[in-house]
Structure formats: C-alpha cells, structure tokens
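*Asks:* Structure provided below as structure tokens; questions to follow.
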C-alpha cells in the first residue's frame, strides 16, 4: 500500500512538473511567435480574433524583411556586428581564462589582494566620462576595438569561471607538473580540455552581450560605416516611427509594426539558433562555476 501511494505521489509530482515546464515554455515561446506573426503581417491586415497570434500562411507578407535586407547599410552593419561578437568573445575569453586560472590557486601570493583589486572597479564604477577619456587617450574612438576592449573582462564571468576551476580535481594538475609542464601548459593542455561546459557558457554570456551592444557604439563610433546591426535597426525604427505619424505607407509596403517586429526577430535569431547547441553545457557550467565543491 505504501509503495502504491508513493507511486501515485511520484506520478502527481511528474504531472505538476510537466505542467510547470509547459507553462514556462508558453511564456517563452508565445512572445517569440507573436513577434514572428507580426513581422509577416501584410499591409492593411485587420485581426480582431487571434490577437496577432495567428495569420494564415497564404496571407503572410515578407515585405518588411525585404525592406530591411534591401537597405544599403544592412549587410555592412551585420558584418560589423559579427566582427564585434566573434572578435570580442575571443578577446574576452583570452583574457578571462588566465585571470580566472590564476585566482583559482589558493597558494598564489597576494591572491586576496588581487581579488579585492578586481572587485573594486566592479562595485564602484569610475563613470562614463573617465571611461570615455581613457578610450580616447588610447586612440580607440572610431574603431571597433572601442566596443570590444573596454569591457573585455567581466568580473562576474571571471568569478564563475574561477569557481569552476577550483572544483576540478588537483590530481590532474599535479600529474602534469610531475611531467614538467609549466603553468601555461597546464592551463592549455589540462585545465581547458576539462572545462568545456564553463568555456561555452561564458562564451555565450560574452557573445550575447556583444551582439546586443547598443549604447557603446553610439558613444564611441562617429563613422556610420562602423555601426553594428542594433544601431542600424534603431535608426531605421526611428524613421519608421516618424513615418507612422506622417503617412501610413510612405516608408514601405509593410505596416510599421511589422517592420519593428522583423527588426526584433532578425536581431534575436542568431542567438536563438546557437543556444540549443550549447544548452546542455549551459546549466552544468553555471552550476559548477557558481558552487565550489
């Protein structure tokens, strides 16, 4: 009788968990689906029943996407965003990995002082003007490096990676040192091959932040040819908003809301495509890096 009650309890628990996970899925998927439906809304389409959640496929209009892709600066802005995302992620990881590895060694002289030295600017930011002056003095204005270098190292990401390194068995490093490996060789040949979850997790953090970078390009880039995709879409949407109050079809053959939705969908699409491939490493890397065993 007890085993039967326990099985019923387990079944009820599984049902409740599945209902909860399905609810979470709806909360995440419905906004994305609505954005997609809005982006293919034809001009003059009136929807008073489905609240923008369903448009018959034979009525879909891709005019908003055509307008965006035909914009003369679209491909250049996409290229700039790709360079910023890929290059910035590589730079950030190249700087974060050795810093986290050094801080993970408890026998490092001055380890606490170095940690405090890193935390001070993280907790007490100098401000926008000093940061701009530093970037200007380094000659990075009107350069894509102005977006990639100032925030290349995230203290939060460094601490998460440090926690992961601390959780790795010491026997691997000791065996490598007995074979004559130095610190750089231990990091490259021993630590990093064991750290795939945290490396992909932190790379995702950096990549998403860089892909969505919006304020920094406006601040440091004066050349429109260097503007990344989020800034270009913002400029296009500002023109669309202005057009909304002037003439409904003066800017394109698609409604303004479809134009906005297509911009949002294009911006989020790369990360939506990439995330499922590293999702299985994401949770494990975050948990192992956040909790020291």
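*Asks:* Looking at (1) part of a helix (DSSP H, G or I); (2) buried (at least 17 other Cβ atoms within 10 Å of the Cβ); (3) under 23 Å from the mean Cα position of the chain (by Cα), can you tell me which one residue 153 breaks?
*Replies:* Of the numbered conditions (1) part of a helix (DSSP H, G or I); (2) buried (at least 17 other Cβ atoms within 10 Å of the Cβ); (3) under 23 Å from the mean Cα position of the chain (by Cα), the odd one out for residue 153 is (1).
*Asks:* Under 7 Å by Cβ, and 6 or more places apart or on different chains, what pairs join a residue from region 187-199 that is without any contact (Cβ under 8 Å) to a residue 60 or more places away in the chain with one that is part of a loop (DSSP other than H, G, I, E, B)?
*Replies:* 189/181; 194/168
*Asks:* Residues 115, 96: which one is in contact (Cβ under 8 Å) with a residue 60 or more places away in the chain and surrounded by 15 or more Cβ atoms within 10 Å (Cβ to Cβ)? Don't jump to the end; show me each part of the working.
*Replies:* Details: 115 fails: in contact (Cβ under 8 Å) with a residue 60 or more places away in the chain.
Residue meeting the stated conditions: 96.
*Asks:* Taking region 228-260 as the region of interest, how many residues are at pLDDT below 90 and assigned to a loop (DSSP other than H, G, I, E, B)?
*Replies:* So the answer is 11.
*Asks:* Does region 262-281 contain any residue that is in a loop (DSSP other than H, G, I, E, B) and modelled with pLDDT under 70? Before the answer, list the steps.
*Replies:* Residues of region 262-281 that are in a loop (DSSP other than H, G, I, E, B), as a first pass: none.
Within region 262-281, not a single residue is in a loop (DSSP other than H, G, I, E, B) and modelled with pLDDT under 70.
*Asks:* So, one more: Which count do you get for residues in region 174-227 that are closer than 30 Å to residue 72 by Cα and part of a loop (DSSP other than H, G, I, E, B)?
*Replies:* Final tally of qualifying residues: 7.
*Asks:* Related question: Quick one: in region 1-50, of everything that is out of contact with any helix residue (DSSP H, G or I) (no Cβ under 8 Å at 6 or more places or on another chain) and outside any helix (DSSP H, G or I), which residue is modelled with the highest pLDDT?
*Replies:* Among residues in region 1-50 that are out of contact with any helix residue (DSSP H, G or I) (no Cβ under 8 Å at 6 or more places or on another chain) and outside any helix (DSSP H, G or I), the one modelled with the highest pLDDT is 44.
*Asks:* Would you mind finding the one in 139, 87, 167 that is in contact (Cβ under 8 Å) with a residue 40 or more places away in the chain, farther than 20 Å from residue 209 by Cβ and surrounded by 10 or more Cβ atoms within 10 Å (Cβ to Cβ)?
*Replies:* 167
*Asks:* Additional query: Of all the residues that make up region 92-117, how many are farther than 19 Å from residue 185 by Cβ, at pLDDT below 85 and either assigned to a loop (DSSP other than H, G, I, E, B) or within 25 Å of the chain's Cα centre (by Cα) (or both)?
*Replies:* 3
*Asks:* Find all pairs meeting these conditions: Cβ atoms under 6 angstrom apart; at least six residues apart or on different chains; first residue within region 205-225 and modelled with pLDDT under 90; second residue assigned to a loop (DSSP other than H, G, I, E, B) and surrounded by fewer than 17 Cβ atoms within 10 Å (Cβ to Cβ).
*Replies:* 222/142; 223/142
*Asks:* Which ones in region 112-130 are closer than 19 Å to residue 216 by Cα and touching a helix residue (DSSP H, G or I) at 6+ places or on another chain (Cβ under 9 Å)?
*Replies:* Answer for region 112-130, where residues must be closer than 19 Å to residue 216 by Cα and touching a helix residue (DSSP H, G or I) at 6+ places or on another chain (Cβ under 9 Å): 121, 122, 125, 126, 128.
The values are calculated or read from the model by the stated rules, or taken from the named source; none is laboratory data. Quick caveat: nothing in here was measured; it's all calculated off a predicted structure. In this analysis, Cβ positions are derived from the backbone assuming ideal geometry, glycine residues included, and neighbour counts consider all displayed protein chains.
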